[in-house]
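What follows draws every value from the coordinates through simple rules; no lab data is involved. Only a predicted model underlies this, so the values are computations on that prediction, with no experimental measurement involved. Methodologically, a virtual Cβ is constructed for each residue, glycine included, from the backbone with ideal geometry; neighbour enumeration extends over all protein chains shown.
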């Protein structure tokens, strides 16, 4: 794929795949293009060349997807941003229930029941009634993951998930993501955290200046990364 901003190519010739049940780390320093790639996969930024295929939905150059393509993409992808972006006027349960109600047209009671199951599975069931400002960083992140999983998408994207976590919480997040992949979900993580990527990813893609520098088994391609 290629992505341009203001006529300048910020991503050029980037190509990779991720299978079901695979945890792929997209690694690079700040400005290398990691977040831009994730935003393109999620249909938030248009591509200038190439194509992106996600769960049977194909994105081609031009404007960001609209209409049915956009709706299909929202059912195929869950994304967790670096700063979580929980709705501040809604408690944790309502944040997780929102998409199933409006995207999947589920009844509110059914959506709430599913939301509680996800929050319980991620270890924050006891915080279902808490407002975002009352959650710790780790709790907010787990609520954001639950929200991303609420429509049961086959693909989960995460942008810099360890940015505000201590070592213990990083290890816990690694285990959570590995479990999600083991259940058959495709997990793509954009990160500068080489140790985290080495610990949990099946495969790594290193970006440098908007291009793929190396790709392969983390123990090999991340050995000299910083």
- prompt: For 4, 34, what ranking results if the residue with the fewest other Cβ atoms within 10 Å of its Cβ goes first?
  reply: 4, 34
- prompt: Given a cut-off of under 8 Å on Cα pairs at least six residues apart, what relative contact order in percent is computed for segment 71-115?
  reply: 33 percent
message: Under the rule a/c < 1.5 gives rounded, and otherwise a/b versus b/c splits prolate from oblate, where does the chain land using the Cα gyration tensor?
response: oblate
- line: Rounded to the nearest Å, the spacing of the alpha-carbon centers of segment 89-109 and segment 190-215 is 33 Å
task: Classify segment 100-192 as rounded, prolate or oblate, taking a ≥ b ≥ c as the square roots of the eigenvalues of its Cα gyration tensor: rounded when a/c is under 1.5, otherwise prolate if a/b is larger than b/c and oblate if not.
output: oblate
- request: Quick one: grab the alpha carbon gyration tensor of segment 6-76, order the square roots of its eigenvalues as a ≥ b ≥ c, and give me rounded if a/c is under 1.5, else prolate or oblate depending on whether a/b is larger than b/c.
  value: oblate
query: For helix 67-76, what angle does its Cα long axis make with the longest principal axis of the chain, in degrees from 0 to 90 and rounded to 10?
result: 80 degrees
- request: Can you put 188, 103, 194 in order of Cβ neighbours within 10 angstrom, beginning with the fewest?
  value: 103, 194, 188
task: With an 8 Å cut-off on Cα pairs and a minimum separation of 6 or more residues, tell me the relative contact order of segment 139-226 in percent.
output: 24 percent
- request: May I ask you to derive the relative contact order of the chain, considering only C-alpha pairs under 8 Å and at least 6 residues apart, and to give it as an integer percent?
  value: 30 percent
